[in-house]
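Here the structure comes first, spelled out in structure tokens, and everything after it is commentary.
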């Protein structure tokens with residue numbers, strides 16, 4: 001009988017995780033049978049953040065999606081840490097952009113078994129000083145991002161020589177929403193203009209393929225809007 005008990009213990013040791021072996025004396029000494037909840041014991045194979053990097057402007061907030069695979073854990077709580085609280089801080093699970101710069105945030109599962117990181121780029125508010133820029137051109141248009149119609153979370157940005165030279169403003173006329181992008185330049189003609197789009201809803205800055213020469217003219221109109229599309 002003793003040999004059979006020893007054999008049974010060896011079989012159990014082969015089936016349970018190592019960290020449960022310390023419990024075996026308790027499970028076998030009293031002679032009772034205990035059921036083990038394998039669902040709670042099986043850890044997630046991976047914890048994945050929905051973003052590897054995010055873009056925010058100072059004052060904006062964003063919650064990074066977190067997924068577990070396989071989705072078997074009952075407790076999916078995550079602790080967040082920032083390597084620079086002067087740039088990025090947290091309120092509960094929400095990122096808060098505090099100051100300009102780059103920070104790394106780390107998510108750690110409640111078990112401490114998994115972690116993942118995300119880079120956060122924080123930009124200053126889109127403030128533009130135009131007193132020294134005597135020339136301007138104007139674009140009337142709308143924006144679509146991955147099939148999503150334009151909303152107040154989208155901002156079109158113009159750059160000349162790498163410097164911010166225009167920030168769009170959203171308008172509405174007869175139920176039609178549109179943007180007005182006024183671009184400023186120190187020269188009347190010849191500077192290349194590039195465009196970016198900031199999507200605050202998804203904390204991302206897109207580079208548009210569109211580029212053109214500044215020429216001090218107006219393009220588009222309320223009846224013929226320019227369409228800026230991000231696929």
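The values are calculated or read from the model by the stated rules, or taken from the named source; none is laboratory data. These numbers were taken from a predicted model, which means no experiment stands behind them. With ideal geometry, Cβ positions are generated from the backbone for all residues, glycine too; neighbour counts draw on all protein chains shown.
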Would you mind telling me which numbered condition in (1) more than 33 Å from the chain's Cα centre (by Cα); (2) farther than 23 Å from residue 150 by Cβ residue 222 fails?
-> (2)
Checked against (1) closer than 20 Å to residue 224 by Cα; (2) at pLDDT 95 or above, residue 175 satisfies every condition except (2)
Read through the list (1) modelled with pLDDT of 95 or more; (2) within 17 Å of residue 52 (Cα to Cα); (3) surrounded by fewer than 17 Cβ atoms within 10 Å (Cβ to Cβ), then give the number of the only condition that residue 122 fails.
-> (3)
The condition of being farther than 19 Å from residue 201 by Cβ, in the same structural domain as residue 214 (by TED's automatic domain parsing) and in contact (Cβ under 8 Å) with a residue 40 or more places away in the chain holds, among 165, 109, 185, only for 185
Output for segment 137-177, where each listed residue is out of contact with any strand residue (DSSP E or B) (no Cβ under 9 Å at 6 or more places or on another chain) and outside any loop (DSSP other than H, G, I, E, B) = 163, 173
Name the single residue, out of those in segment 118-136 being within 29 Å of the chain's Cα centre (by Cα) and assigned to a strand (DSSP E or B), that is farthest from residue 182 (Cα to Cα).
-> 118
When residues of segment 156-178 are filtered for being buried (at least 16 other Cβ atoms within 10 Å of the Cβ) and under 25 Å from the mean Cα position of the chain (by Cα), how many remain?
-> 9
